[in-house]
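Just passing along the structure, written as structure tokens.
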Amino acid sequence: MPYIADSRPAPPTVIGPATKKATRPSDPLPQSLIDGARVAKKEVFDAGKHLNFSPPKGVTTMKEIGLDGRGISPIAASEPFPLSPPKQSGKSEAKYSVAGVDLVQAFDYEIANINISVKKDCVAGSDYKQEPDVSAFAWHYDSFPFVCVTMLSDCSNMVGGETAIRTPAGDIKKIRGPEMGTAVVIQGRYIEHQALKAIGGLERISMVTPFRPRDPSIRDELVLTGSRAISNWSELYHGFTGYRLELLEDRLRLKMKEEQKRVDTKRPFSIPNMTAFLREQIFFLEATVAELTPVEEMD
Ligand SMILES: [Fe+2]
């Protein structure tokens, strides 16, 4: 198992809101948006039926942005790829071919985050004169190893909306944002980036789905910085500790199997190997404890 706790660089620190109370949306959603989202017939989501995946035409690699060997995959970000109905699609295969590593949804409470920005009393395109490179969020690292950003609204009359990546050498590289029905995948936990503001449209609705590696032996450096301020803390911490304990359980079982194999093949016990494994788990548990900071109840 590739336990490399002692030799690898520490993951970037994620800076986020330090508020102790969950933040609620600044304005209520316009009624027109709620009415427009109503569906006549409720249908259970079926990836095979409702998604039409085709692989991205290109990807940006970690090497290209000066981060070779960092993170959990050699892929930094994908170009936008279609993710709209209909046709068949192998969802987990899709994730692998885009991200370069097999991923699973972070945990149940974190299925997705929908960002809705609506322009009030304003005509589309009225502020084209503004500087289009203004950032929607400052430079940051994400809390999740990978995220998939899917665009749900029509942004064809908007300008901007790209993601800017800053390399360790200080160079800025822009990657194209998704259009309606398409998605991008980015290894945001390890890449300093910011979303550039999209200017011109009336509404912009995107869905951010967080992922972590499926293989329990791959390091997991997920943090809750981004989630804490917008979540019901009790459910958030339950989901987080639940998956962390399962991950630890999987790791311990894998390690016991490996140890049994060593005995069966009559190889000597390795102190450095076992110590490295145990240290990694201490580190993992300490990182888990560090996430459990007090948060006040949501209103
Ligand atoms: Fe981000």
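All of the numbers you see were taken from the coordinates with simple rules; none came from a lab. Here the structure is a predicted model, which is why all the values come from computation and not from measurement. FYI the Cβ positions are ideal-geometry reconstructions off the backbone, even for glycines, and counts take in every protein chain you see.
Name the aspartates and glutamates eligible as straight-distance cross-link partners of Lys266: C-alpha to C-alpha under 17 Å, and not fewer than 8 places from it in the same chain.
Once the sequence-local aspartates and glutamates are set aside, what remains near Lys266 is Glu258.
Checking the table Lys41/Lys197; Lys119/Lys173; Lys57/Lys173; Lys63/Lys255; Lys63/Lys174 against a 26 Å threshold on Cα-Cα, which pairs fail?
Flagged as over cut-off: Lys41/Lys197; Lys119/Lys173; Lys63/Lys255.
Moving to a separate point now. If exposed GluC sites (Glu not before Pro) are those in a DSSP loop with at most 16 other Cβ within 10 Å, what is the longest stretch of the chain that has none?
44-178
What's the magnitude of the charge dipole for the chain around its Cα centre, counting Lys and Arg as +1 and Asp and Glu as -1 at the beta-carbon? Answer in Debye, nearest 20.
Value, rounded to 20: 640 debye.
Moving on to the next point. Highest GNM mean-square fluctuation, the chain, Cα pairs closer than 10 Å: which of Ala106, Ala47, Ala183?
In the Gaussian network model the winner is Ala47.
Mind listing the phi-derived Karplus ³J(HN,Hα) values for the stretch 209-214, rounded to whole Hz, using 6.51, -1.76 and 1.60 with θ = phi - 60°, and x for any glycine or proline?
Taking θ as phi minus 60°, the curve returns 10, x, 10, 9, x, 6 Hz for the stretch 209-214.
Loop only by DSSP, 14 or fewer other Cβ within 10 Å of the Cβ. Give me the trypsin sites (Lys or Arg not before Pro) in the stretch 204-299 that pass, ordered by residue number.
Sparse-neighbourhood loop trypsin sites (Lys or Arg not before Pro): Arg214, Lys266.
While we're on this one: Considering only DSSP states other than H, G, I, E and B, which chymotrypsin sites (Phe, Trp or Tyr not before Pro) in the stretch 255-289 qualify as loop sites with at most 13 other Cβ atoms within 10 Å?
Phe269
Using Cα springs under 10 Å in a Gaussian network model of the chain, which residue among Leu252, Leu33, Leu152 shows the largest mean-square fluctuation?
Ranking Leu252, Leu33, Leu152 by mean-square fluctuation puts Leu33 first.
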